[in-house]
1. Got at least one residue in segment 223-232 being aromatic (Phe, Trp, Tyr), open to solvent by 20 Å² or more (accessible area, probe 1.4 Å), more than 21 Å from Tyr61 (Cβ to Cβ) and outside any helix (DSSP H, G or I)?
2. Looking only at segment 149-171, count how many residues are away from the ligand (no atom under 13 Å from the Cβ) and surrounded by fewer than 17 Cβ atoms within 10 Å (Cβ to Cβ).
3. Checking Tyr220 against (1) open to solvent by 20 Å² or more (accessible area, probe 1.4 Å); (2) touching a residue at least 12 places away in the same chain (Cβ under 8 Å); (3) under 20 Å from Ile21 (Cα atoms); (4) assigned to a helix (DSSP H, G or I), only one condition comes out false. Which one?
4. When segment 105-118 is examined, which residues are found to be within 13 Å of the ligand (Cβ to nearest atom) and open to solvent by less than 20 Å² (accessible area, probe 1.4 Å)?
5. Just for segment 21-48: of the residues that are among the hydrophobic types (A, V, I, L, M, F, W, C) and touching a Ser or Thr at 6+ places or on another chain (Cβ under 7 Å), which one is surrounded by the most Cβ atoms within 10 Å (Cβ to Cβ)?
6. Those residues that are surrounded by fewer than 16 Cβ atoms within 10 Å (Cβ to Cβ) and either of a type in the set (Lys, Arg) or within 16 Å of the ligand (Cβ to nearest atom) (or both), I need them from segment 233-265; list them, please.
7. Among what's in segment 119-144 and is of a type outside the set (D, E, K, R) and within 11 Å of the ligand (Cβ to nearest atom), pick the residue that is surrounded by the most Cβ atoms within 10 Å (Cβ to Cβ).
Amino acid sequence: MTKHFEMAYQDSAGGLTMLFIHGFPFSSSMWEMQLDDLHELVRVIAPDLRGHGFSEVEPPYSIAQYADDCITLLNSLGIIDPVVICGLSMGGYVALDLVQRYPERIAALILTATRAAPDDKTGKANRDKAIASVQANGVEALVKALMPKLFSPSTLESAPELADIMQSMMVATPTDGVIGALKAMRDRADARLWLSSIAVPTMIIHGADDQIVPIDEAQYMAEAIPDAEFVRLVDAGHLPPIEQPEEFNKAVARFLITTFGDEEE
Ligand code: MLT
């Protein structure tokens, strides 16, 4: 009779984990070039936020709910060690919520194309107009209005196919998911209030040609967060990881190695 034995094994998945949180109204697919490139350095996880990509559309919607969903995902994967969070735009709002409410789960922070300030009165009114427009005319009308602001002019010249890829990703977002996200962003907290208490290594990457979040907002965060590093990417608009993937990934890899050492060596 063969005696049962317990086999020993090694599992690289136990190393540092990096969680990539997408912007609005995209999905985890926007991080394809980061997942491809960085998986040798870290374990990479990119969720579809509630109401986006392949995730369920179930309410409730808020930035805090998106953050709680990310923690639930990490828990369900058994990841309790602190992770590196990288959030783009709305994903940055989620990252800032995570670092405030779950500081023990965060090892480092990368914020890109995002801001800490909440919507002002005009911003909130614009969210309400956008919600009404989506209710009346569907997601496509909103996407059409967003498209001209997403990319640097140089991206549109050098990689015009990116516009079609991002447009298809956006129009695939369910109407309720889009409306939920607009409400969540409209009602988000003022993250400026806790920037100075962020105690993890932080890098801020911003496209020089971002028309949605002016670069001043990123500079403000870099000055308010203790020892934050600021990277300005030329020839990038609101989507630095897609418009300048090599430069973006290089900056992330350098930040990871400087902060945590090269565990591969
Ligand atoms: C995003 O890209 O996530 C959104 O444009 C952010 C926003 O509208 O505030």
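1. As a first pass, look at segment 223-232 and keep what is aromatic (Phe, Trp, Tyr): 230.
Cutting the leftovers down to open to solvent by 20 Å² or more (accessible area, probe 1.4 Å) gives us 230.
After this cut, where a residue has to be more than 21 Å from Tyr61 (Cβ to Cβ) as well, the list is 230.
Retained after the next criterion (residues that are outside any helix (DSSP H, G or I)): 230.
Checking segment 223-232: at least one residue is aromatic (Phe, Trp, Tyr), open to solvent by 20 Å² or more (accessible area, probe 1.4 Å), more than 21 Å from Tyr61 (Cβ to Cβ) and outside any helix (DSSP H, G or I).
2. The number of residues fulfilling the criteria is 15.
3. Of (1) open to solvent by 20 Å² or more (accessible area, probe 1.4 Å); (2) touching a residue at least 12 places away in the same chain (Cβ under 8 Å); (3) under 20 Å from Ile21 (Cα atoms); (4) assigned to a helix (DSSP H, G or I), only one is false for Tyr220: (3).
4. Of the residues in segment 105-118, the ones within 13 Å of the ligand (Cβ to nearest atom) are 111-118.
Of everything in segment 105-118, those that are within 13 Å of the ligand (Cβ to nearest atom) and open to solvent by less than 20 Å² (accessible area, probe 1.4 Å) turn out to be Leu111, Thr112, Ala113, Thr114, Ala116, Ala117.
5. Once the filter is applied, the top-ranked residue is Phe24.
6. Those that are surrounded by fewer than 16 Cβ atoms within 10 Å (Cβ to Cβ) and either of a type in the set (Lys, Arg) or within 16 Å of the ligand (Cβ to nearest atom) (or both): Lys250, Arg254.
7. Step one: of segment 119-144, the residues of a type outside the set (D, E, K, R) are 122-123, 125-126, 130-139, 141-143.
Adding the requirement that they be within 11 Å of the ligand (Cβ to nearest atom) leaves 123, 126, 130, 142.
On the way: Gly123: 12, Asn126: 14, Ala130: 19, Leu142: 23.
This residue is Leu142.
Condition check ((1) in contact (Cβ under 8 Å) with a residue 12 or more places away in the chain; (2) in contact with a Ser or Thr (Cβ under 8 Å, 6 or more places away or on another chain); (3) over 30 Å from Asn137 (Cα atoms); (4) not acidic (Asp, Glu)) across all residues:
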{"site": "Val171", "(1), (2), (3), (4)": "yes, no, no, yes"}
{"site": "Trp194", "(1), (2), (3), (4)": "yes, no, yes, yes"}
{"site": "Asp227", "(1), (2), (3), (4)": "yes, yes, yes, no"}
{"site": "Val234", "(1), (2), (3), (4)": "yes, no, yes, yes"}
{"site": "Lys250", "(1), (2), (3), (4)": "no, no, yes, yes"}
{"site": "Leu256", "(1), (2), (3), (4)": "yes, no, yes, yes"}
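The values are calculated or read from the model by the stated rules, or taken from the named source; none is laboratory data. Keep in mind it's a predicted model, so treat the numbers as computed, not measured. Methodologically, a virtual Cβ is constructed for each residue, glycine included, from the backbone with ideal geometry; neighbour enumeration extends over all protein chains shown. Remember, those area values only see protein heavy atoms, side chains included, never the ligands or the DNA or RNA. Shrake-Rupley method; radii C 1.70, N 1.55, O 1.52, S 1.80 Å.
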